[in-house]
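Following: one structure in structure tokens, then a few remarks.
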Amino acid sequence: MAGIAVLAFVWLLLWADYRADQAANPAPAFHAEFELTDHRGMLRTQEDFADQWMLVFFGFTNCPDVCPTTLAEVAAVMDGLGKHADRVQPHFISVDPERDTPAALADFVPRFDAGIIGLAGTPEQIERTADNFHIFYEKPEEAASQGSYAVGHSSQLFLFDPSGGYVKAWQYGTPAEEILADLQERVAR
């Protein structure tokens with residue numbers, strides 16, 4: 001009986017240590033997973049960016065306000081990172097596969113001068129990527145035939161750690177200074 005009691009006590013101690021460790025180091029909600037073509041025509045996956053922090057934003061090149069505003073904020077964050085900027089790779093993933101070809105992205109992303117990599121894909125690739133990242137996007141059916149339309153989409157900026165694990169998301173409108181302060185603390189470690 002005493003042996004069973006000792007074993008039970010040891011097991012409870014180990015279980016408590018395990019639970020405390022799990023609480024202190026929770027597993028990420030999800031990992032960045034994609035296989036898309038970049039704005040230079042190269043097939044890219046999350047593995048190409050191993051050991052780098054990733055800032056990821058979904059949008060489309062014909063976006064009138066949210067996308068260019070967010071990418072301008074990403075550029076300000078990258079500039080503010082200074083010597084740590086090489087530890088962070090920003091990505092712009094298009095949710096408009098019909099219009100946003102790698103060539104369209106090659107014209108769009110360099111305007112922000114922040115080393116942003118534009119990523120495009122087939123409708124199936126974009127759908128799979130959006131599902132992996134848990135984002136919403138929708139092309140309005142009534143405007144699709146006219147060629148001029150806006151794509152509704154989630155507008156948060158995601159942060160992934162160097163192993164590709166989700167860290168956090170900033171909602172649209174979060175000031176670049178706030179994002180920079182948070183990111184500097186993480187990247188400088």
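If the Cβ limit is 6 Å and pairs must be 6+ apart or interchain, which residue in the stretch 106-134 that is farther than 13 Å from Leu36 by Cα pairs with which residue that is small (Gly, Ala, Ser)?
Val109/Gly118; Phe112/Ala75; Ala114/Ala75
Quick one: in the stretch 90-105, of everything that is over 28 Å from Asp161 (Cβ atoms) and of a type in the set (A, V, I, L, M), which residue is surrounded by the fewest Cβ atoms within 10 Å (Cβ to Cβ)?
Checking each candidate, the answer is Ala103.
Among all residue pairs at least 6 apart or on different chains, which show Cβ distances below 9 Å where the first residue, located in the stretch 167-189, is under 24 Å from Pro68 (Cβ atoms) and open to solvent by 50 Å² or more (accessible area, probe 1.4 Å) and the second is among the acidic types (Asp, Glu) and not in a strand (DSSP E or B)?
Lys168/Asp182; Pro175/Glu73
Go through the stretch 151-166 and give me each residue that's in a loop (DSSP other than H, G, I, E, B) and open to solvent by less than 50 Å² (accessible area, probe 1.4 Å).
Of everything in the stretch 151-166, those that are in a loop (DSSP other than H, G, I, E, B) and open to solvent by less than 50 Å² (accessible area, probe 1.4 Å) turn out to be Val151, Ser154, Ser155, Gln156, Asp161, Pro162, Gly164.
Are any residues in the stretch 14-44 at pLDDT 85 or above and either acidic (Asp, Glu) or surrounded by 13 or more Cβ atoms within 10 Å (Cβ to Cβ) (or both), and if so, which ones? Please lay out each step first, then the result.
Of the residues in the stretch 14-44, the ones at pLDDT 85 or above are 30-44.
Residues satisfying the conditions are Phe30, His31, Ala32, Glu33, Phe34, Glu35, Leu36, Thr37, Asp38, His39, Arg44.
Please list, ordered by first then second residue, the pairs with beta carbon atoms under 6 Å, 6 or more apart or interchain, first in the stretch 71-95 and farther than 24 Å from Asn132 by Cβ, second among the aromatic types (Phe, Trp, Tyr) and open to solvent by 10 Å² or more (accessible area, probe 1.4 Å).
So the pair list comes out as Ala75/Phe112.
Here is a list: Phe108, Phe58, Phe112. Which entry is surrounded by 17 or more Cβ atoms within 10 Å (Cβ to Cβ), in contact with a His (Cβ under 6 Å, 6 or more places away or on another chain) and not charged (D, E, K, R)? Spell out how you get there, then give the answer.
Details: Phe108 fails: in contact with a His (Cβ under 6 Å, 6 or more places away or on another chain); Phe112 fails: in contact with a His (Cβ under 6 Å, 6 or more places away or on another chain).
Within the list Phe108, Phe58, Phe112, the selection yields Phe58.
The values are calculated or read from the model by the stated rules, or taken from the named source; none is laboratory data. Quick caveat, the model's predicted, so the values are computed rather than measured. Here the Cβ is made from the backbone with ideal geometry for all residues, glycine too, and neighbour counts use every protein chain on show. When the accessible area is computed, the model is the full protein with side chains, heavy atoms only, and any ligands, DNA or RNA have been set aside. Shrake-Rupley method; radii C 1.70, N 1.55, O 1.52, S 1.80 Å.
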